[in-house]
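Structure record follows, encoded as structure tokens.
The values are calculated or read from the model by the stated rules, or taken from the named source; none is laboratory data. Not measured: the values here are computed from a predicted model. We place every Cβ from the backbone using ideal geometry, glycine too, and count neighbours over all the protein chains shown.
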Amino acid sequence: MATDSAEDAHATSPVVLKISPMAHFAVGFFALGLLVPVLTWPVAAPLLGIPVLLSALIVRFRTQADDSGVTVRTLLGSRSVRWEDIEGLRFSRGSWGRAQLKDGHRLQLPAVTFASLPRLTQASAGRVPNPYAD
């Protein structure tokens, strides 16, 4: 009996898709590269704010999906959309997925790639088809 309730709790738990924390290493190397112009020309010191902004984006950007809908978190806010309001998902080569809403708008889904669709299938209770299923 305990396994059934554990499976039910796991099935309803939200799936959080976010940028890998390893991306902070790339930001760190970018910051090191910015030290050359900053140390050469101190007026360029505000350029060091760019890596701070990039790290904030890495921490904030995420998509959370559960059985009721999707919540997208961006740098300055978040937006929740129910699965019933989503007509479909679109993917372009080399970019994150976009939810095509029934009202005609598109909503970018941070960190959602074609490879993460099986996790979205599980979170959406099958509303998002799994392209890898038999």
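A few remarks follow.
- The set of residues from the range 56-91 being part of a loop (DSSP other than H, G, I, E, B), touching a strand residue (DSSP E or B) at 6+ places or on another chain (Cβ under 8 Å) and over 16 Å from residue 16 (Cα atoms) comprises just one member, 91.
- Checking residue 40 against (1) β-branched (Val, Ile, Thr); (2) in contact with a Pro (Cβ under 9 Å, 6 or more places away or on another chain); (3) loosely packed, with under 12 Cβ neighbours inside 10 Å, the condition it does not meet: (2)
- Qualifying residue in the range 5-20 (condition: outside any helix (DSSP H, G or I) and among the charged types (D, E, K, R)): yes
- Within the option set 57, 89, being surrounded by 11 or more Cβ atoms within 10 Å (Cβ to Cβ), among the aliphatic types (A, V, I, L, M) and either modelled with pLDDT under 95 or touching an Asp or Glu at 6+ places or on another chain (Cβ under 9 Å) (or both) holds for one residue only, 89.
- Exactly one residue among 115, 99 is out of contact with any Phe, Trp or Tyr (no Cβ under 7 Å at 6 or more places or on another chain), crowded, with 16+ Cβ neighbours inside 10 Å and small (Gly, Ala, Ser), and that residue is 99.
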